[in-house]
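Just below is one structure, and these are the notes that go with it.
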Amino acid sequence: MSRNEFDLIADHFSGIGSRREDVALGIGDDAALLNPPRGQHLVATTDTLVAGIHFPDNAPPESVGHKALAVNLSDLAAMGAEPAWATLSLTLPEVDDHWLAAFARGFGDLARYHQVALVGGDLCRGPLSVTVQALGSVPPGKALRRSRATVGDAIIVSGTLGDAALGLKLWQQPTVPASEEVAWLVGRLHRPVPRVSLGLELRALATACIDLSDGLAADLGHILAGSRVAAVVNVDRLPLSGPGRRFGGGRSHWRTALTGGDDYELCFTVPRRRLHVVDAVASRVGVRLTRVGTIQPGVGLSLVHGDNTPVRVSRPGYRHFQDS
Ligand SMILES: [Mg+2]
């Protein structure tokens, strides 16, 4: 890109995000110099969003900026880490001033909210994609892993499930009449809320944790594999939002809640003797927490209804959740 284009981008990205005292040297040199908190683990994660794959080609640029950072903060939340810094690599088909301004606004607003400093970046020309690296810290021994769920633990999820998958369907059907509920569901797709403060609370409570990027069935599956345990999930307990219930295909909406991706809620396990603390955590962080199942001995995920009858699985795609 020409020098002018670099200047244009520098204009948009200089000063976005938070200013932090632990940044010894920020954007402007070959690399940043950072001071991690003494005695803590540095926690690093990165995620790439590609247009047409991870977000619709016509997604609003402000949302793309928000989401690119949010999915990374969600990974830090799932580790129980406190976010501090981020880097950003942008690949753009062309330099579009309006697009960049809106993108930077979406990224910067979320960064400031979570006191994250943007400490480096890169850009090149090509099909639209965004790579963010997020860095944070956690005290030794306090990180939330996937590998420590124990038989008898309760399985809990934050927020409501299936909203982002419905939001994507609605976004792709421009004939659906606009309403507050449609906008809310589409917002759940474009502007996920990383559960950072919940992740910090879970340091002292959860035995295992993961963020829900690919859907509860798939992501809980990672905890089960990592912890070498099985689980039973009650599909009638999956937390559904009001708009989700109305747009989600009635009684079978639990399938979307179980398999729909992009919600970026947290799924975690809690020992039964600590369950009494969960409600207090929910009210401290202002997020709904719902017990949806139990960790069991064995392998795989079983699904039951509220009356404990096994879920009949008619579609072959669901069979692999039933191999316990
Ligand atoms: Mg993750």
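Is at least one residue of the stretch 159-171 open to solvent by less than 20 Å² (accessible area, probe 1.4 Å), within 16 Å of the ligand (Cβ to nearest atom), in contact with a Gly (Cβ under 9 Å, 6 or more places away or on another chain) and under 23 Å from Leu301 (Cβ atoms)? Scanning the stretch 159-171 turns up at least one residue that is open to solvent by less than 20 Å² (accessible area, probe 1.4 Å), within 16 Å of the ligand (Cβ to nearest atom), in contact with a Gly (Cβ under 9 Å, 6 or more places away or on another chain) and under 23 Å from Leu301 (Cβ atoms). Checking each residue in the stretch 182-224 for being more than 14 Å from the ligand (Cβ to nearest atom) and either of a type in the set (Gly, Ala, Ser) or not in a helix (DSSP H, G or I) (or both) picks out Ala183, Gly187, Arg191, Val193, Ser197, Arg203, Ala204, Leu205, Ala206, Thr207, Ala217. If we scan the stretch 76-84, do we find a residue that is in contact with a Cys (Cβ under 9 Å, 6 or more places away or on another chain) and without any contact (Cβ under 8 Å) to a residue 60 or more places away in the chain? Within the stretch 76-84, none of the residues are in contact with a Cys (Cβ under 9 Å, 6 or more places away or on another chain) and without any contact (Cβ under 8 Å) to a residue 60 or more places away in the chain.
Against the conditions (1) small (Gly, Ala, Ser); (2) within 16 Å of the ligand (Cβ to nearest atom); (3) over 24 Å from Val71 (Cα atoms), Gly300 satisfies every one except (2). Residue count for the stretch 25-35 satisfying the condition of being at pLDDT below 95 and either open to solvent by 60 Å² or more (accessible area, probe 1.4 Å) or touching an Asp or Glu at 6+ places or on another chain (Cβ under 7 Å) (or both): 6.
Say whether the condition of being free of Cβ contacts under 8 Å to residues at least 40 places away in the same chain, in contact with a strand residue (DSSP E or B) (Cβ under 8 Å, 6 or more places away or on another chain) and open to solvent by 20 Å² or more (accessible area, probe 1.4 Å) is met by at least one residue in the stretch 102-112. Don't jump to the end; show me each part of the working.
First pass over the stretch 102-112, keeping only residues free of Cβ contacts under 8 Å to residues at least 40 places away in the same chain: none.
Within the stretch 102-112, none of the residues are free of Cβ contacts under 8 Å to residues at least 40 places away in the same chain, in contact with a strand residue (DSSP E or B) (Cβ under 8 Å, 6 or more places away or on another chain) and open to solvent by 20 Å² or more (accessible area, probe 1.4 Å).
Pairing residues of the stretch 177-196 that are touching a residue at least 60 places away in the same chain (Cβ under 8 Å) with residues that are open to solvent by 40 Å² or more (accessible area, probe 1.4 Å) and not polar (S, T, N, Q), at Cβ distances under 6 Å and at least 6 apart in sequence or on separate chains, gives Leu189/Leu168.
Check the stretch 277-296 and report whether any residue there is open to solvent by less than 40 Å² (accessible area, probe 1.4 Å), touching a residue at least 60 places away in the same chain (Cβ under 8 Å), in a strand (DSSP E or B) and over 21 Å from Leu240 (Cβ atoms). Give the steps one after another, and end with the answer.
Going through the stretch 277-296, the residues open to solvent by less than 40 Å² (accessible area, probe 1.4 Å) turn out to be 277-278, 281-282, 285, 287, 289-290, 292-295.
Of the ones still in play, those that are also touching a residue at least 60 places away in the same chain (Cβ under 8 Å) are 277-278, 281, 285, 287, 289-290, 292-295.
Those still in the list that are in a strand (DSSP E or B) too: 289-290, 292-295.
With the extra rule that they be over 21 Å from Leu240 (Cβ atoms), the set shrinks to 295.
Yes, that holds for at least one residue.
The set of residues in the stretch 42-89 being more than 16 Å from the ligand (Cβ to nearest atom) and closer than 23 Å to Leu205 by Cα consists of Leu42, Glu82, Ala84.
Within the stretch 76-101, restricting attention to residues that are within 29 Å of His41 (Cα to Cα) and not aliphatic (A, V, I, L, M), which residue is surrounded by the fewest Cβ atoms within 10 Å (Cβ to Cβ)? Even if it seems obvious, please write down each step before you answer.
From the stretch 76-101, those within 29 Å of His41 (Cα to Cα) are 76-90; that's our starting set.
Next cut, not aliphatic (A, V, I, L, M) only: 80, 82-83, 85, 87, 89.
Values: Gly80: 27, Glu82: 21, Pro83: 26, Trp85: 26, Thr87: 19, Ser89: 17.
So the residue we want is Ser89.
The values are calculated or read from the model by the stated rules, or taken from the named source; none is laboratory data. Because the structure is predicted, anything quoted here is derived from the model rather than measured. As a convention, Cβ positions derive from the backbone with ideal geometry for all residues, glycine included, and neighbour counts pool all protein chains shown. Calculation scope for accessible area: heavy atoms of the full protein, side chains included, ligands and nucleic acids excluded. Shrake-Rupley method; radii C 1.70, N 1.55, O 1.52, S 1.80 Å.
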